[in-house]
Amino acid sequence: MAAPAAEKYTAQTILSLQHWSDKLFSFRLSRPESWRFVPGQFARLGLPLENGGMVWRAYSMTSASWDEHLEFFSIVVPDGLFTSRLARLQVGDTVLLDNKANGFFTVDRLPDGEELWLLATGTGLAPYLSILQQPEVWQRFAHIVLVHCVREVSELAYRSEIDALRQHPLWAEWGDRLHYVPVVTRQAEPGMLQQRIPALLASGALAEAAGLPLTVERSRFMICGNPAMVEDTHRQLMKMGFRLSRLSAPGHLVLENGW
């Protein structure tokens with residue numbers, strides 16, 4: 001990722017760290033008062049290199065658009081140029097923040113429907129945590145299905161935070177609209193689905209788990225995660241009659257690679 005010019009970024013402070021597993025962690029940064037974003041967008045974060053250069057990566061916000069901090073969800077890639085450095089940082093250290101949020105992975109790109117399906121693998125969960133802190137999302141859809149697919153149970157981060165969303169005072173009256181469906185592919189866990197998301201869509205198991213049929217009239221989808229999942233899920237939904245939503249032609253789904 002190309003580095004922005006010096007006047008286009010600021011140095012922000014790490015306020016807190018949360019380790020979910022040996023490979024997954026979240027961190028909060030200070031937030032400039034003028035920094036704005038739409039839930040679902042991403043920030044470009046930078047770290048210095050030993051040779052005097054910088055490395056930049058895109059991270060979706062998990063925090064609400066009104067929070068005074070910015071929160072991010074990260075995986076540690078062994079020997080990764082960015083994440084291996086990021087994982088060594090502590091509270092009080094600094095991370096560079098591009099002055100402008102980017103991206104179009106936002107709910108307003110979808111036309112109205114009855115059900116909003118939020119499909120994620122791994123850290124692809126991040127933008128949905130921000131999106132689910134928009135009161136209008138809870139008002140707009142009669143059902144919201146959050147599907148988080150991971151390899152092991154320990155990777156199911158933010159479970160208590162997701163549960164707490166239902167009681168948030170800004171949308172508590174619609175809290176029962178949220179259906180959380182965890183999926184674990186490499187462990188047999190009672191009560192949890194075990195296949196990849198495309199297979200669960202093809203077999204009907206995902207719709208059955210949520211208790212909701214998938215129809216082009218009612219169902220809208222957001223897909224975020226590893227590129228293979230995003231591509232395979234997109235293809236499966238196309239086979240089922242759903243199409244990609246574009247600015248010139250609204251459809252049923254929007255997608256974003258989690259890395």
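The values are calculated or read from the model by the stated rules, or taken from the named source; none is laboratory data. Remember, predicted model here, so these are calculated numbers, not experimental data. Reconstructed Cβ throughout: ideal geometry from the backbone, glycine too, with neighbour counts over all protein chains shown.
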Fill in the blank from the handout: Reported set for the stretch 116-141 where residues are loosely packed, with under 14 Cβ neighbours inside 10 Å and either of a type outside the set (S, T, N, Q) or touching an Asp or Glu at 6+ places or on another chain (Cβ under 7 Å) (or both) is Pro135, Glu136
Exercise for the section: Would you please name the residue that is surrounded by the fewest Cβ atoms within 10 Å (Cβ to Cβ), looking only at residues in the stretch 215-259 that are assigned to a loop (DSSP other than H, G, I, E, B), of a type in the set (A, V, I, L, M) and free of Cβ contacts under 8 Å to residues at least 60 places away in the same chain? Expected result: Ala249
Handout entry: Qualifying residue in the stretch 57-79 (condition: in the same structural domain as Trp174 (by TED's automatic domain parsing), over 27 Å from Pro198 (Cβ atoms) and either surrounded by fewer than 23 Cβ atoms within 10 Å (Cβ to Cβ) or of a type in the set (Asp, Glu) (or both))
Key = no
Problem - All positions within the stretch 95-140 that are among the aromatic types (Phe, Trp, Tyr) and touching a Phe, Trp or Tyr at 6+ places or on another chain (Cβ under 9 Å) - result: Phe105, Trp117, Trp138
Problem - Output for the stretch 24-64, where each listed residue is under 17 Å from the mean Cα position of the chain (by Cα) and part of a loop (DSSP other than H, G, I, E, B) - result: Phe37, Val38, Pro39, Gly40, Gln41, Thr62, Ser63, Ala64
Practice task
Being of a type in the set (A, V, I, L, M) and either modelled with pLDDT under 95 or assigned by TED's automatic domain parsing to the domain that holds Thr121 (or both) is the filter here, so list the residues in the stretch 6-54 that pass it.
Solution key: Ala6, Leu49, Met54
Practice task
Report, by residue number, each residue of the stretch 83-124 that is at pLDDT 95 or above and of a type in the set (Phe, Trp, Tyr).
Solution key: Phe105, Trp117
Exercise for the section: Scan the stretch 181-195 and give yes if some residue there is at pLDDT below 95, more than 24 Å from Phe42 (Cβ to Cβ), in a loop (DSSP other than H, G, I, E, B) and among the hydrophobic types (A, V, I, L, M, F, W, C), otherwise no. Expected result: yes
Handout entry: Whichever residue in the stretch 65-90 is of a type in the set (Asp, Glu) and in a loop (DSSP other than H, G, I, E, B) and, among such residues, is farthest from Glu7 (Cα to Cα)
Key = Asp79
